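Any read-out appearing in this document is the output of simple, stated calculations on the displayed coordinates, not a laboratory observation. Worth saying up front: this structure is predicted, and the values here are computed from it rather than measured. So basically every Cβ, Gly included, is an ideal-geometry build from the backbone, and we count neighbours across all protein chains shown.
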Amino acid sequence: MSSPRGEESLLAPRNLVAFLLVSLIWGGTWLVIRDQLSIVPAQWSITYRFIVASAGMFVLAAVRGEGMWLAPGGQKWALILGVLQFTLNFTFVYNAERFITSGLVAVMFALLVVPNAVLGRMLLGQPITRAFVLGSSIAAIGVALLFAQEYRASPATLSEVLLGAALTIGGILSASFANIAQAMEGAKRQPLVTLLAWSMLWGTAINASMAVVIEGAPVFDARPSYGLGILYLGLLGSVVTFPLYYGLVRKIGAGKAAYSSVIVPVVAMVLSTLFEGFVWGWLPASGAVLVLAGMIVALRGRAAPPLRRATPEP
């Protein structure tokens, strides 16, 4: 199944499996990130994560036969993604969780569908259908209900909530620009896993430099949960998920792929029920139902005619 642009359907079995796997794994990363914010400064935790992730991604590139090197001009795209996705995005997210709960950050990240769809329309000519607008509006109401639940349960002060929200918005915008950048023609000419490996390596170098300048010498937490968390975030939360997610962006469009960020808060709250004793009430239950219903409405819409314009490259 495909649209007039040649985009595939999310409901195609291979795409749907990838979408669900990304949503489930990323739904669990928020709790793990929260545990990472102990004695280790955020910038060092991010650095350790992407040391593991970049090494794992190079191994995956070799296993898949993509090679270790990018085509001419590829390092420019790797650096762009390294800065936007693997430095700025994660710096904003990790620091946001110092002020507001992981659930609240996860809920806010569902807003990624908005800049992804708008930027995808402006820069890539990807259509925004009426069904997508309607479904996104329904999902937004669900996200608002989930946000209200998380805010009511959060012990943070109003100023902390506002600062955490501002940092989260910074992460959302960084991630969205990264999503669009890697879907441009110059980036798409690069082997995806190799591109991600170099992007993560650039991100590791930049994050380590920032950590030394801002925080000083490396700090590590000896708790087993911290080390296991680094492995989970680096391998499952990065090596497994980013090739799947960016593959979806290229195949079904940035707006639809970003609906994983709408499912993630629901997954995070289910995990909170299992591991943190979260109790479902009418507010979060209604929000979860609306989020799922909105996604179904948005994804059942037929694609609109594409914009006829050249794809710009930075």
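Taking all pairs of distinct Cα atoms, average 1/r, flip it, and tell me the Kirkwood hydrodynamic radius of region 41-174 in Å to one decimal place. If you can, show how the numbers build up before the last one.
Working: mean 1/r = 0.0580 Å⁻¹.
Answer for region 41-174: a Kirkwood hydrodynamic radius of 17.2 Å.
As a ratio to 2.2 N^0.38 Å, the alpha-carbon radius of gyration for region 166-303 is 1.28.
Over all directions, how big on average is the projection of the convex hull of the alpha-carbon atoms in the chain, in square nanometres?
Values: hull surface 63.4 nm².
Computed as one quarter of the Cα hull surface, the answer is 15.9 nm².
In this rough spin-label picture, where each label sits 7 Å from Cα along the Cβ direction, the F275-K188 distance is 3.7 nm. Considering only alpha-carbon pairs that sit under 8 angstrom and 6 or more positions apart, the relative contact order computed for region 13-300 is 42 percent.
Could you tell me what fraction of 2.2 N^0.38 Å the Cα radius of gyration of region 146-192 comes to, as a two-decimal ratio? Could the numbers behind the result be given before it?
Numbers: Rg = 16.7 Å, N = 47, 2.2 N^0.38 = 9.5 Å.
Region 146-192 yields a ratio of 1.75.
For S286 and S209 in one chain, what is 0.36 nm times their gap in residues minus the Cα-Cα distance, to one decimal in nm?
Working: separation 77, 0.36 × 77 = 27.72 nm, distance 4.45 nm.
Here the answer is 23.3 nm.
3J(HN,Hα) along region 90-100: 6, 4, 4, 5, 4, 6, 4, 6, 6, 10, 10 Hz, from the Karplus curve 6.51 cos²θ - 1.76 cosθ + 1.60 with θ = phi - 60°, whole Hz, x for Gly and Pro. If only the Cβ of Lys and Arg carry +1 and only the Cβ of Asp and Glu carry -1, the dipole of region 13-300 around its Cα centre is close to 880 debye.
Taking a straight Cα-Cα cut-off under 12 Å and skipping sequence neighbours fewer than 8 places away in the same chain, the aspartates and glutamates within cross-link reach of K188 are E313. For the chain, complete DSSP H runs whose alpha carbons reach 18 Å or more along their own long axis and whose mean Kyte-Doolittle score is -0.5 or higher are 13-36, 42-63, 130-153, 158-182, 192-215, 260-276, 282-300.
By the rule of a C-alpha distance below 17 Å, with chain neighbours fewer than 8 residues away ignored, the aspartates and glutamates paired with K256 are E7, E8.
If R0 equals 30 Å, the separation of the Cβ atoms of A12 and R64 corresponds to a calculated FRET efficiency of about 0.90.
Dipole magnitude of region 102-192 about its Cα centre, charges +1 at Lys/Arg Cβ and -1 at Asp/Glu Cβ only, in debye to the nearest 20?
Working: 5 positive and 3 negative charges, 62 e Å.
So the dipole magnitude of region 102-192 works out to roughly 300 debye.
Placing dummy labels 7 Å off each Cα toward the beta-carbon, the span from A71 to S137 is 4.2 nm.
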